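I have placed the structure first, in the form of structure tokens, so that the comments after it can refer back to it.
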Amino acid sequence: MSADHERLAGLAERHATPFHVLDCARLDEAADQLAGVLGTLSRETRVYYSVKTNYLPFILRRLAARGMGADVVSGYEMDAALAAGFDPADIVFNGPVKTEAELAAAVRHGVRVHIDGEQEIAVMEQLAAEAGHPVEVGIRISPGVPVSTSSDPSYRAQATATALRNRFGWPVGSAELARVVALIADSPHLTLTSVHAHLSSQIVHEELMLRAIGRVLDEAAQLHRRFGLREVNIGGGFGVPGIRRPRTGPLTALWAQQGGIPAQDEEPFLDVARLLPAVDGLMARAGLDGVALACEPGRWLVSDAMSLVTRVVSRKELPEARWLILDGGSNVAPWAGTGEVHRIEPIGRTYSSRTSTWSVSGPLCYENDIHASAVDLPDDTGPGDLLCLRDTGAYSLGRSNNFIRTRAAVVAVDGDDETLVWRAETGTDVFLLADPSPQPATDPGVEPATEPIAPARAAAAPVALAAGTTW
Ligand SMILES: *Cc1c(COP(=O)(O)O)cnc(C)c1O
């Protein structure tokens with residue numbers, strides 16, 4: 001057993017499964033690596049961590065303490081970022097919908113808004129006029145070209161159509177973009193200082209990403225000549241090697257239905273140590289000297305810093321299928337059933353070297369609660385065994401829900417320290433919302449609950465359920 005597996009299995013003696021484990025060393029390592037790459041570039045750089053990717057206050061505080069900025073896409077994320085200690089001047093507010101109250105809060109705190117709806121311009125102009133000082137804004141634009149590809153032409157056609165229809169930002173070179181820019185230029189209290197684009201998530205095709213960013217930079221260079229920009233922000237979306245996304249379209253599905261075996265494309269590896277210097281060079285060539293390069297990574301920073309530890313509850317061998325049924329389902333690993341493939345590793349003991357092909361599901365009484373329909377795992381895997389699902393750092397906590405079962409805890413491991421940084425949800429928590437009396441607002445700066453786990457839950461029997469889910 002590897003040291004890592006041993007440590008994960010040890011945690012399962014003290015915490016009821018399923019739970020996520022946050023590896024602080026891995027988080028720090030990723031942040032160091034990114035800072036190292038950015039430090040070699042020819043211009044000023046900024047990193048805005050994408051809060052929606054994982055809003056765990058423990059992570060937010062740790063990244064804020066390093067001097068990182070934050071990218072938020074809602075008012076409550078902005079509150080969380082401020083409470084975690086991010087400098088308001090290093091927070092950018094993105095997204096297709098920002099309420100007037102949210103925009104007012106942004107102006108009050110000095111958080112920069114990236115315009116992504118025409119109606120935001122008049123609201124921002126009025127807020128800035130009321131504040132009595134000019135307010136800097138950014139604008140979101142889109143390159144109109146796909147950032148992923150596949151050997152399946154029907155996938156490529158879909159990706160092209162999606163890139164053209166993209167509702168985030170305005171397309172480069174379009175009359176619509178020119179109109180919105182003119183509206184900002186005509187607003188006496190607004191100053192356009194940044195251009196923003198965010199292309200997609202889990203992008204692995206470096207060439208395509210650079211081509212798309214090149215189009216963004218050409219547009220930014222034109223705006224720079226008119227307005228004198230401070231920053232170009234290329235967004236996040238940097239792909240990680242621990243996840244595979246199906247990049248197939250209807251043709252592959254049809255072919256498979258006819259009994260064909262669809263080609264599995266090699267998934268390329270996107271290297272930020274290559275990508276970011278290339279963007280730096282493109283910026284120089286486009287005439288963006290003196291303009292800072294910003295990015296908004298989420299997944300790339302946190303993906304493999306978190307894993308889900310879950311237990312096999314049931315092994316069901318049927319004439320046509322062999323199932324391992326776990327206590328951790330798609331409500332805590334929300335990509336399950338969407339085809340995104342994460343590694344599943346047996347941990348906690350020495351297993352048989354013989355493997356067989358298993359289907360692996362979660363516990364939910366719901367058809368799509370499936371982690372894998374065919375994966376090789378040891379022959380002797382069965383009830384009580386622990387499995388680890390890798391790369392749960394991105395888009396698990398915030399997207400998890402209490403459909404049928406409640407949300408999972410997060411335990412942070414930092415050297416020898418082990419801290420509960422997000423407790424498991426109980427049924428009582430769920431039904432708190434049925435009480436119409438308003439709850440007190442969280443006081444910014446208050447530490448999240450880190451109380452030790454109650455002994456009854458800590459002593460995890462092989463198939464223990466979280467407290468409060470027993471009815
Ligand atoms: C979601 C999002 C990100 C982060 O994307 P990742 O794929 O997690 O890196 C960055 N910027 C914006 C505007 C986003 O909406």
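The values are calculated or read from the model by the stated rules, or taken from the named source; none is laboratory data. Remember, predicted model here, so these are calculated numbers, not experimental data. Cβ sites come from the backbone with ideal geometry, for glycine too, and all protein chains shown count toward neighbours.
Specify the residue that is nearest to residue 304 (Cα to Cα); the eligible residues are those in region 385-397 that are in a loop (DSSP other than H, G, I, E, B) and away from the ligand (no atom under 16 Å from the Cβ). Only one residue tops the list, namely 390. When each of 361, 373 is tested for being of a type outside the set (A, V, I, L, M), in contact with a strand residue (DSSP E or B) (Cβ under 6 Å, 6 or more places away or on another chain) and at pLDDT below 95, the lone residue that passes is 373. Residues of region 316-340 that are among the β-branched types (Val, Ile, Thr) and surrounded by 17 or more Cβ atoms within 10 Å (Cβ to Cβ): 325, 332.
Results for (1) in a loop (DSSP other than H, G, I, E, B); (2) in the same structural domain as residue 17 (by TED's automatic domain parsing); (3) in contact with a Cys (Cβ under 7 Å, 6 or more places away or on another chain); (4) under 23 Å from residue 323 (Cβ atoms), shown as yes or no for each residue.
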| position | (1), (2), (3), (4) |
| --- | --- |
| 356 | no, yes, no, yes |
| 372 | no, yes, no, yes |
| 380 | yes, yes, no, yes |
| 383 | yes, yes, no, yes |
| 399 | yes, yes, no, no |
| 402 | yes, yes, no, no |
| 407 | yes, yes, no, no |
| 413 | no, yes, yes, no |
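What about residue 322, is it touching a strand residue (DSSP E or B) at 6+ places or on another chain (Cβ under 7 Å), of a type in the set (Lys, Arg) and touching a residue at least 12 places away in the same chain (Cβ under 8 Å)? Yes; evaluated as a whole, the condition is true for this residue. Close contacts from region 40-58, counting a first residue that is over 21 Å from residue 194 (Cα atoms) and a second that is modelled with pLDDT under 95 and more than 13 Å from the ligand (Cβ to nearest atom), with Cβ to Cβ under 6 Å and a gap of 6+ residues or different chains, come to 57/448. Pairs linking a residue in region 348-372 that is loosely packed, with under 15 Cβ neighbours inside 10 Å to a residue that is of a type in the set (Gly, Ala, Ser), with Cβ atoms under 8 Å and 6 or more positions apart or on different chains, are 349/9; 357/374; 368/330; 368/336; 368/337. Would it be correct to say that residue 395 is closer than 28 Å to residue 298 by Cα and either of a type in the set (Ser, Thr, Tyr) or not assigned by TED's automatic domain parsing to the domain that holds residue 247 (or both)? Yes: the conditions hold for residue 395. Taken together, 438, 383 contain a single residue that is at pLDDT 95 or above and not charged (D, E, K, R), which is 383.
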